[in-house]
Ligand SMILES: [Cu+2]
């Protein structure tokens, strides 16, 4: 290694150790674990796709007819939901980890405002006829899903996924682009948004 290369290395090391990124552990982004749940019945949901491996069968299943009946009555289906493991705030920044314990695919999508998803048949009965632009776009009169990305994570049933990152103090809304009533709000401060308790 030549002398100038060595000097470069030292400068690099010195710079790195003084960058704000090298912070104390207690200021490091924390992990927020979010469970994604549904209770699809694999038989009556077979055409849609419902594969129950992780969820104990004792939890009980909701048939497709039951799902439709509850959606029509409540504009949501309570067993299809996001469950954060603690109050969702991003005081020190957050890394979101997603665990889909359900049998269906769900998305975890950052939106400016909650809206409908890319399944028209679910948008109308859930009372969100207008899709959130982060979920879907209209092509030749048909809803087309937005491509997956760090802020639009598709999570197949029985699988884990790395979710989005939030900066310190950032507030954000996330929803499923298939089941629009599945919502969670991550607040900037230490408070729990009512949407996290959404039924
Ligand atoms: Cu969903």
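Annotations
- Number of the condition not met by residue 157 [criteria: (1) touching a helix residue (DSSP H, G or I) at 6+ places or on another chain (Cβ under 9 Å); (2) at pLDDT 90 or above; (3) not in a strand (DSSP E or B)]: (1)
- Against the test of being in a helix (DSSP H, G or I) and either at positive phi or surrounded by fewer than 21 Cβ atoms within 10 Å (Cβ to Cβ) (or both), the options 143, 71 yield a single qualifying residue, 71.
Rundown of residues vs (1) modelled with pLDDT of 95 or more; (2) closer than 20 Å to residue 116 by Cα; (3) surrounded by 15 or more Cβ atoms within 10 Å (Cβ to Cβ), yes/no style:
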residue: 153; (1), (2), (3): yes, yes, yes
residue: 161; (1), (2), (3): yes, no, yes
residue: 173; (1), (2), (3): yes, yes, yes
residue: 198; (1), (2), (3): no, yes, yes
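- Residue within region 86-109 that is touching a strand residue (DSSP E or B) at 6+ places or on another chain (Cβ under 6 Å), assigned to a loop (DSSP other than H, G, I, E, B), under 26 Å from residue 30 (Cβ atoms) and within 16 Å of the ligand (Cβ to nearest atom) present: yes
- In the condition set (1) within 25 Å of residue 164 (Cα to Cα); (2) at pLDDT 90 or above, residue 88 is compliant with all but (2).
- Scope region 129-138; condition surrounded by fewer than 20 Cβ atoms within 10 Å (Cβ to Cβ) and in a loop (DSSP other than H, G, I, E, B); matching residues: 129, 130, 133
The values are calculated or read from the model by the stated rules, or taken from the named source; none is laboratory data. Please read these numbers as outputs of a predicted model, since none were measured by experiment. Cβ atoms come from the backbone with ideal geometry, glycine included; neighbour counts cover every protein chain shown.
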